[in-house]
Structure formats: C-alpha cells, structure tokens
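The values are calculated or read from the model by the stated rules, or taken from the named source; none is laboratory data. Predicted model only: the values in this text are computed from it and were never measured. Note that we place each Cβ from the backbone using ideal geometry, even for glycine, and neighbour counts take in every protein chain shown. To get the accessible areas, we keep the full protein, side chains included, count just its heavy atoms, and leave off ligands, DNA and RNA. Shrake-Rupley method; radii C 1.70, N 1.55, O 1.52, S 1.80 Å.
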Amino acid sequence: MKPRLVVAQRVTEAVAARARAGFEAVLSEGEGMDAAALLGVVTTHRADALLFGSSTPLARETVARLPAHLRIAASIGVGFDHIDVAAARTHRLAVSNTPDVLDECVADFTLLLILAACRRAHEYEAIMRAGWRQKFLLDDLLGLRVSGRTLGILGMGRIGRAVAARARGFGMPILYHNRNRLPPEREQGAGWCASLGELAERCDILAVHAPGGPGTEKIVDRAVLARMKPGSVLVNVARGSLVDEQALLEALGSGHLFAAGLDVFQGEPAFDLRFAALPNVFLAPHMGSATRETRDAMGMRALDNIDAVLAGREAPDALWRP
Amino acid sequence: MSGDRPVLFVTRRLPAAVEARAARDYAARLNPADRKLAAAEILAGAEGAAAILCCPADRLDAALIAALPASLRVIATFSVGTDHIDLAAAAARGLAVCNTPDVLSVATAEIAMLLLLAAARRAGEGERLVRAGRWSGWAPTQLVGRGVSGRRLGILGMGRIGRELAAMARGFGMEIHYRNRSRLPAALAAGAIFHEDEDTFLAASEFLSLNAPGGAGTRQWLNAARIARLPRGAVVVNTGRGTSVEDAALAAALASGHLAAAGLDVYDGEPVVFPGYLGLENVVLLPHLGSATAETRDAMGFRALDGIDAVLAGRPPEFAVA
C-alpha cells in the first residue's frame, strides 16, 4: 500500500508526477492553505506526509493540532521562518527544508538585481516600452558601473559565497559580515567585518543573504541605512522582514541610496505600493529560485526527505534532530 | 597667470572630474551652459588654443579645420567614433586627432550580462507585474525562467567587450564558445572554445551574445536561418550593432517560442524600434545606454586629456586616429 501524501500547493509537473507515482496523493492547485484547510485535508486524507511551502504557515497551534499519523512536513524552499520548529520538535513531527539546490539560481538572481539597480534597468525599460524616440546627452540617465565596486555581503552562507564567486568575475572586492569569521578557503580573499554597521560603511553595494525570523527582524534598520555611503545600493533576495521598509523608502526617496533591487517584501504579495512609485528600484515578485531546473530540484529534494522519514530514516535536511 | 599654460578649448560641458583636470593642467575655456556651438563660435573659442576637446555633436569639417588657428596642435574627441571630424583635412594640416576607445568595454559588457540574466530570468515581466500592483501570490510555477549557471554562452565577436563578458560569465560557471575573424591566443581566450564552423557555434549557443562590429559583413547576420540553428529555448542578447539582427525573424522566433527570450540594447534605425518587439513580454529592451555610467564617461574624458597631454608634450598619443 502506498503512503498517503498531501501537497498543499501547486508544484511543478515533474514533482506532481513523482508524488502521484509514489503516493496516494491529494494535490492542491492553489498557492497554499490556511491552518483550518490544512488540518482538514491532512486529517480526512489520513496523511503520512505533507509537502508544503511558505504560503502554508505551520504555527505553534497548527503543529499542536496536526494528527499523529502525520510523520513529516517537508517544506519546499530554504527559508523556514513559516515553521515553528520548536513546536515540531515538541510534537516529534519531522520537518525539513531544501537547502543547496537553489544556491546557484538565487546567486544568479542577486547579480541580476545588482546590475539592474546600478544600471537603472527599470527606467531604461520603461523608456523603451513608451516608444523611446529621444536622444540622450552624455550625462543623461547615468548609472553606476558595477565592476570594481566593493560588494558587502550580509550572511556568508552558501548563497552568499555563490554571490561572491560571481562578483569576482566583475573584479569586485568582497567584504562580508557573519556571526563567525569563515576559514580562509571559504573566504577566498573576502574581508570580514565584525559588525553590520562596519560592513554598511565600507561597501558600495550591500547584498542581504540572512535567514528570516524574529532574530533578524529589521536588522537592516534606519541606523544601518544611514551608515551606508551616499550613493550606495541595497539588494535583498532573502526575506522582506530583514529590512526596515519605511527607512528604506526614505533613503531611496532622499537619494541617500542610489538604488535598490528587491525580490522580497514585508507582507507579500501585498507589498508596500510606495515602492512601485519609485524610479530607482528594480522590483521582482520573489522569483530568486524561479527556474524550471531549480523548482524541480526543490520539489524532488522535499520528496527525498519524505521518502527517508517514511522509510524509517532521518530526513537528510531535518530542521531539528534528536 | 595662464600665460605659461597652453590654452585648451572644451566645446561642451563634460563630467565635473574631467573639467577639473582640464582646468588644473591648462588654461581651459569651458562651456558650462553646454550650448551647442556653431562653426564661427568654435573658431572663436579656438583662437590661440593649442588643443580642442570636442564631442560627436560638433562638426569639424574641412572648411572649419582649414580656418583653425596656427597655434592648434591637437583635436581630441570625447568618443570612439570620429565620423564628425574630417580626418584627411586634419592630417593635411599636421593636426593630431585622438579618440577614446576601450574604456567603454566593461560598462557595455555589464549591460550584456544584465540583459542575459534579465531575459533568461524573465525580470522584465516580473518588474511590470509587481509595479502594476498585480502580484497575487507565490507559486512554484510562477514566472519560471531559464537557469544561467553552467550553461553554454556563445559570443560572436571576441574583442574587448566580448572578452570582458566572458570573464563575467565564467563567474556564473558558464562555458564560453566564440566566433571571431581569427582564433585568439590562449592567454586571451582563457579557455573559451573557438568555432571555425558557424553551424557548430550556433548549435552550442544556449545563450548567444552579439558583440560584433557593424558593417556589411554582419548586416542582418542573425536571420531566420541562423536562428533556426540555435537550440530550442535559446536566449539572444545584442549589445553590438542593431543592424546585425533581422528584426522580423527575431520577433517571430520569440513569439513562436523557438527562442525563450532576448535582450536588446541596440536597434536598426534607433531611436525608433521595430514595433514587433514592443508587444512581446519575453524581450528586455534598453535604450542604447551601454556606456552610460559616470565612471565610464569620466574615463572617456581622461583618455581624451591623456591624448592632448601627450601631443603637447611631444610624445606620440596612445590612441590617435590621425
């Protein structure tokens, strides 16, 4: 008899096919489920496993009410600030994420946002879609050259290091801030800053790659933005919660920051529409990992975690371990 | 005071750093209002001058050059192109003419990399969706693009810009293929794979970047037949010359899905753009601002001043066209 699976949101075709082949599966075509809908379908389907994502939050009270036949909740994505991991541990529910498989793709997108913000891609594209037909003088609409500028990376994990590798191709000196200094073979010449404030002061472009959650709420706050050099650039592909958006709007509006590239926001998808009124931002709808290859790999990795737990092994990407 | 220093006539307003250096080293006559000067005004400004720093909008034809004062020794232009200067007339008078090649390479390669990433990752579509306030939620299947890391990049024209682009793309783990009049020495190729044969080059190019010069040899080079030989789902980027592309064929391949996406900075007949592009979501369009960074514009001015410095010091200028 096949194990029983609930898929709480739409997944790619290849992932859906594997879910149907290996499980008695109920697949949602929606974007995610609230707690009531989730508890309902997991219970009525007598699910052994749950495949879900950040649009289906597993808060403490939701975890407490999940039926005991559910053995694993495997999340698609690397961030897990939508999961109360401590509650999962208390209730002995295995939970997992999908690290590694999206690093390259998110790093590519980070460089895209850096280039787009520095080289004014939104303004340039808007000119074209309006039909162009105007000549520019030599000092019209000048952007910032990316090559040779100092890149500051907040959070030098796998994605941060993949960003550094790409930035080196542009001859960019790299600085980073991390709780702990990395060993030299992982620094690859990048300079460590003991504080985020020091990093903000010394870099020209700040890329944010920290995890979300209460511990990092608004770590890029008004004071950090104020310490950034006049004319510098902020890029965020990690979590909207990391940045004080009111302070960022002011810094972009005043010209203290030259530009920003944003893939993530507080309250997605109902983000602060004041960003859409600014010319000096490049906006993206949380698509850092949005390639066919990566979205397939993320779903497959989540299913690998489910297979392991249902076979009596530990999830390879378990978020808590005994 | 200025009696000791040679007179330099600058025809148009230039970046502040360039004007500052001009004023430091020469008795500089500037045009702070940036008014376009008539021939008589250029002649008046050049009276007693040893050097002129001009721009592409100035017309230095044979009659004007013949009327320039005997004190004049060098004309430097703030541009790569010299179509606006009658080089034969300058040579006949023994005037040196200098231009500013090469300094645009990095900024233009950045625009090629930006277009490559933005086209592959559907950033134009994402930007428009978010900015219009139409973002409804996150789904694993939304705006799924093409991965860049580890893919093959074919570069047509492996000059300075092509090689700068190759260096950037290597940071993304891309495998570089190229076509060029001749095979590069190993030190310049840096591992890039030369194709003697056009068919193997096109077949290898999952991403194709056009960095070839204009002229009869590349006129409408990317036509329907060559597009058909690119792998299905390929991405095309053009930062070279608009005339290298047969617009109707490229637009048709983008609409049919044979090509996944394209990114364009140059156009045949610009600033008018082939209307077939404007309705397409899978093309990223920029208004020929490949060199539009403050650093690049400064560097162009400094290179022009380097040429003037050399001629007036009796040395051969590094970048002379006459």
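Observations on the structure shown:
- Overall dimensions of the range A:103-283 by Cα: Rg and Dmax, Å: 16.0, 53
- Residue-normalised accessible area of the range A:103-283, given per residue in Å² at a 1.4 Å probe: 37 Å²
- Candidates A:Leu102, A:Leu142, A:Leu262, ranked by Gaussian network fluctuation over chain A, Cα under 10 Å, top entry: A:Leu142
- Per-residue 3J(HN,Hα) values for the range B:268-273, derived from phi via the Karplus relation 6.51 cos²θ - 1.76 cosθ + 1.60 with θ = phi - 60°, read 6, x, 4, x, 8, 10 Hz in sequence order (x marks Gly and Pro).
- Accessible surface of chain B, 1.4 Å probe: 55 percent of it comes from carbon and sulfur atoms.
- If R0 equals 45 Å, the separation of the Cβ atoms of B:Asn223 and A:Glu250 corresponds to a calculated FRET efficiency of about 0.35.
- Computed from backbone phi, the HN-Hα couplings of the range A:149-155 come to 6, 7, 9, x, 10, 8, x Hz, rounded to whole numbers (Karplus: 6.51 cos²θ - 1.76 cosθ + 1.60, θ = phi - 60°; Gly and Pro given as x).
- Under a 5 Å amide H cut-off, with hydrogens placed 1.01 Å from N, B:Leu208 pairs with B:Gly154, B:Val235, B:Val236, B:Val237 among residues at least 5 apart or on other chains.
- A convex hull fitted around the alpha carbon atoms of the protein assembly as shown yields 177 Å³ per residue.
- In Å, descending, principal axis extents of the Cα set of the range B:194-318: 60, 36, 24
- Semi-axis lengths (Å, descending) of the ellipsoid that matches the C-alpha gyration tensor of chain B: 43, 22, 18
- Distant-in-sequence amide contacts of A:Leu257, defined by a placed amide H-H separation under 5 Å and a gap of 5 or more residues or a different chain, comprise A:Gly231, A:Leu252.
- Most to least packed among A:153-163, A:269-279, B:98-108 [average Cβ atoms within 10 Å]: A:153-163, B:98-108, A:269-279
- Shown for the range A:98-113: residues covered by the partner protein chains by 40 Å² or more of accessible area relative to the chain by itself (probe radius 1.4 Å), namely A:Asp108, A:Leu112.
- FRET efficiency, A:Lys218 to A:Asn280 (Cβ-Cβ, R0 22 Å, nearest 0.05): 0.55
- Across the accessible surface of the range A:103-283, with the other protein chains kept in place and a 1.4 Å probe, carbon and sulfur atoms take up 53 percent.
- Local electrostatic count, B:Glu198, Cβ distance below 10 Å [Lys/Arg +1, Asp/Glu -1]: 0
- The convex hull drawn around the Cα atoms of chain A, when projected onto a plane and averaged over every direction, covers 18.3 nm².
- Note on A:Ala35/A:Asp140: beta-carbon distance plugged into 1/(1 + (r/R0)^6) with R0 of 51 Å gives a FRET efficiency of 0.45.
- Sequence-distant lysines (8 or more away, or on other chains) whose Cα lies within less than 23 Å of A:Lys135: B:Lys36
- Integer Hz, Karplus 6.51/-1.76/1.60 couplings in order for the range A:175-188, x for Gly and Pro: 10, 8, 10, 8, 3, 10, 5, 7, x, x, 5, 8, 5, 6
- For A:Val146, A:Val26, the ranking by accessible surface with the largest value first comes to A:Val26, A:Val146, using a 1.4 Å probe.
- Peptide B:146-153 has a mean of 4 when you count, residue by residue, the C-beta atoms of other protein chains within 10 Å of its C-beta.
- For a straight C-alpha distance cut-off of 14 angstrom, the aspartates and glutamates reachable from A:Lys2 (same-chain residues fewer than eight places away being disregarded) are A:Glu24, A:Asp48, A:Asp307.
- Where chymotrypsin sites (Phe, Trp or Tyr not before Pro) fall in DSSP loop in the range A:92-158, at most 15 other Cβ within 10 Å: A:Phe136
- Based on Cα contacts under 8 Å between residues 6+ apart, chain A shows a relative contact order of 18 percent.
- With a 1.4 angstrom probe, the accessible area lost at the A-B interface totals about 5800 Å².
- Euclidean distance between Cα centres, the range B:292-322 to the range B:196-223, Å: 32 Å
- In the range A:127-150, burial by the other protein chains removes 50 Å² or more of accessible area from A:Met128, A:Arg129, A:Trp132, A:Arg133, A:Leu138, A:Leu142, A:Arg145, compared with the chain on its own (1.4 Å probe, ligands and nucleic acids ignored).
- Under 20 Å of direct C-alpha separation, and excluding same-chain neighbours fewer than eight residues apart, A:Lys218 reaches these lysines: A:Lys229.
- Farthest towards the positive end of the charge dipole of the protein assembly as shown, among the residues A:Ser55, A:Gly143, A:Leu225, is the Cα of A:Ser55, using unit charges on the Cβ of Lys, Arg, Asp and Glu.
- Long-range amide H partners of A:Leu175 with built H, under 5 Å: A:Leu151, A:Gly152, A:Ile153, A:Gly191
- Scaled radius of gyration (Cα, divided by 2.2 N^0.38 Å) that the range A:38-89 gives: 1.04
- Coordinate range of the alpha-carbon atoms in the range B:105-285 per principal axis, descending: 52, 34, 29 Å.
- Taking B:Ala51, B:Ala139, B:Ala294 in turn, the Gaussian network model of chain B (Cα-Cα springs below 10 Å) assigns the largest fluctuation to B:Ala139.
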